[in-house]
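Asks: Take a look at the following structure, please.
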Amino acid sequence: LAESARYALATHFFMLSFLAPERAAAVAIYRLREDSSNSTAKADLASRIAADYASRHVPFDSDFDLDTSDAVYCTELIWRAYRGAGVELVTGELPTISFCLKRRTAILPSTLQNSVKLRLIWRNKEND
């Protein structure tokens, strides 16, 4: 197989494993709204930025710290990737959570779900 085909196949099997019902109770896929100017180019750039985090093996941010990008958590990665592409997914005040006796500002899944810049394109049945 060609390198690109091997990569696509590996990515496909990784996603099947990552999104398996026993591992992920709820799954949803969102896309940048088409009414955004240059939405396809911005989404492509955000994808490349996120892939760059992966290629650099940026670790998981178990402190949920938005002040630095040397480690990121799941929703932070999406937020940083789109922000780097010139799309601010979050408007208004971010929620604050208590974590290990500290108060932290966080990007929660619901923060991204409620973004006016994104539209839902698919969700699994468990999420109905």
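Asks: Just need a number here: residues in region 29-58 that are part of a strand (DSSP E or B) and at pLDDT 90 or above. Let's see the steps before the verdict.
Replies: The initial filter retains those residues of region 29-58 that are part of a strand (DSSP E or B), namely 29-32.
Going one step further and asking which of them are at pLDDT 90 or above, we end up with 30-32.
Qualifying residue count, region 29-58: 3.
Residues checked against (1) more than 21 Å from L120 (Cα to Cα); (2) of a type in the set (D, E); (3) touching a residue at least 24 places away in the same chain (Cβ under 8 Å):
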position	(1), (2), (3)
R6	yes, no, no
L9	yes, no, no
A20	no, no, no
A25	no, no, yes
A43	no, no, yes
S62	yes, no, no
G92	no, no, no
P95	yes, no, no
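Asks: Across region 59-89, what is the number of residues that are of a type outside the set (S, T, Y), part of a loop (DSSP other than H, G, I, E, B) and surrounded by fewer than 18 Cβ atoms within 10 Å (Cβ to Cβ)? Don't jump to the end; show me each part of the working.
Replies: As a first pass, look at region 59-89 and keep what is of a type outside the set (S, T, Y): 59-61, 63-67, 70-72, 74, 76-81, 83-89.
With the extra rule that they be part of a loop (DSSP other than H, G, I, E, B), the set shrinks to 59, 61, 63-67, 70-71, 85-89.
Now restrict to residues that are surrounded by fewer than 18 Cβ atoms within 10 Å (Cβ to Cβ): 59, 61, 63, 66-67, 70-71, 86, 88.
Final tally of qualifying residues: 9.
Asks: For region 90-126, which residues satisfy the criterion of being farther than 26 Å from D35 by Cα and either open to solvent by 50 Å² or more (accessible area, probe 1.4 Å) or assigned to a strand (DSSP E or B) (or both)?
Replies: First, the residues of region 90-126 that are farther than 26 Å from D35 by Cα: 95-106, 125-126.
Result: T96, I97, S98, F99, C100, L101, K102, R103, R104, T105, K125, E126.
Asks: For region 1-28, give me each residue that is in contact with a Ser or Thr (Cβ under 9 Å, 6 or more places away or on another chain) and part of a helix (DSSP H, G or I).
Replies: Keep residues of region 1-28 that are in contact with a Ser or Thr (Cβ under 9 Å, 6 or more places away or on another chain), which gives 23.
Scanning region 1-28 gives no hits.
Asks: While we're on this one: Within region 51-58, is even one residue acidic (D, E) and either in contact (Cβ under 8 Å) with a residue 24 or more places away in the chain or under 23 Å from S110 (Cα atoms) (or both)? Spell out how you get there, then give the answer.
Replies: Going through region 51-58, the residues acidic (D, E) turn out to be 52.
Keeping just the survivors that are either in contact (Cβ under 8 Å) with a residue 24 or more places away in the chain or under 23 Å from S110 (Cα atoms) (or both) gives none.
For region 51-58, residues acidic (D, E) and either in contact (Cβ under 8 Å) with a residue 24 or more places away in the chain or under 23 Å from S110 (Cα atoms) (or both): absent.
The values are calculated or read from the model by the stated rules, or taken from the named source; none is laboratory data. Fair warning: this is a prediction, and the values are worked out from it, not measured in the lab. Cβ atoms come from the backbone with ideal geometry, glycine included; neighbour counts cover every protein chain shown. Surface accessibility is based on the protein's heavy atoms, side chains included, excluding ligands, DNA and RNA. Shrake-Rupley method; radii C 1.70, N 1.55, O 1.52, S 1.80 Å.
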